[in-house]
1. On the Cα set of the range 109-175, report Rg and Dmax in Å, please.
2. With just the Cα atoms defining each centre, how far is the range 80-120 from the range 191-227? Give it in Å.
3. If I compute solvent accessible area with a 1.4 Å probe over the protein chains, what percent of it on the range 177-238 is carbon and sulfur?
4. Separation between the Asp92 and Asp225 pseudo-spin-labels, each 7 Å from Cα along Cα→Cβ, expressed in nm?
5. Using only the Cα atoms of the range 175-241, each taken as one equal point scatterer with no solvent, compute I(q) by the Debye sum, divide by I(0), and report log10 of the ratio at q = 0.16, 0.23 Å⁻¹.
6. Across the range 71-119, how large is the tail of the calculated P(r) beyond 17 Å, expressed as a percent of all Cα pairs?
7. Test of understanding: what is the full-extension gain from Thr163 to Lys131, defined as 0.36 nm times their sequence separation minus their Cα-Cα distance?
8. Using a Förster distance of 45 Å, how high is the FRET efficiency between Asp79 and Asp176, based on the Cβ-Cβ distance and rounded to 0.05?
Amino acid sequence: MQLRANRGLSRRRLLRTAGVTAALVLGGCLDDVPIGDVEADEDGDDGGDSDGTDSGTDSSDRSQTGDPGDASWNPFEFDRPITYTYETYSADEGAGTLVWDVTDVTDEEATVTLEYETAETQFETTVSGTKEDLQSDLILTPAGTFVLATLFSPTMGYYEGRTLSVGDEWSYSSPDGSMRFAIIERRTYAGVECYASVTEVDGRTVHEGCFAPDLGLAPYTVYYDENGERSFELALVSVDT
């Protein structure tokens, strides 16, 4: 494919996105908390503040009752060739599609072909390497703004490796504010069952996601701006192995 219109990644837009994402995730209150370093107890509470409210969530016909048991999600761990196709949305570019095609896998590395298309951008690239290599290569492409804000967002790190169970929640707080995470239900996207989550900063929903323990990418993620409007959204529509 050839790039139409947006021939270069807007450095200003990338930096703005990185700043907004970091602000939403950190909220000025997590400077001393390493990502994924705190384990929830049986009540799902790390000792931080939590009001127990699952605000900002939507129980749709994708919802499922019950919980099959605890599981954990480890992003970018691919053990076989696999292709993810997503419908996407960004406030800057509108609706689009993203295809993440893993064609070669070793114990430490993977080869990924990324296709990203909106009304203004059509882009394709192939990269190989570790998770860190993939990230550093892909965020500097025309799809970099979207990839940085979704697939490689810092928010995902707070769910990485953590036991996922419906009803589990944890929170962090400091004099500057608080952050709350909760696993609210099970949903299904493109036939893939996942654990739906909500992330709040000072009581405001900034992120909703869904994590499937047997997939290296999250089936769903959406971020909201300070007005509660969607900034970025990504929803799995098919997965092929």
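1. When restricted to Cα atoms, the range 109-175 yields Rg and Dmax of 15.7, 45 Å.
2. Going from one Cα centre to the other spans 18 Å.
3. For the range 177-238, the apolar C and S fraction of the accessible surface comes to 41 percent.
4. For the pair Asp92/Asp225, the computed spacing is 1.2 nm.
5. -0.57, -0.98
6. Result: 46 percent of Cα pairs exceed 17 Å.
7. 9.4 nm
8. Step by step, r from the Cβ atoms, then E = 0.65.
The values are calculated or read from the model by the stated rules, or taken from the named source; none is laboratory data. Remember, predicted model here, so these are calculated numbers, not experimental data. Don't worry about glycine lacking a Cβ; one is built from the backbone with ideal geometry, like all the others, and counts go over all protein chains shown. When the accessible area is computed, the model is the full protein with side chains, heavy atoms only, and any ligands, DNA or RNA have been set aside. Shrake-Rupley method; radii C 1.70, N 1.55, O 1.52, S 1.80 Å.
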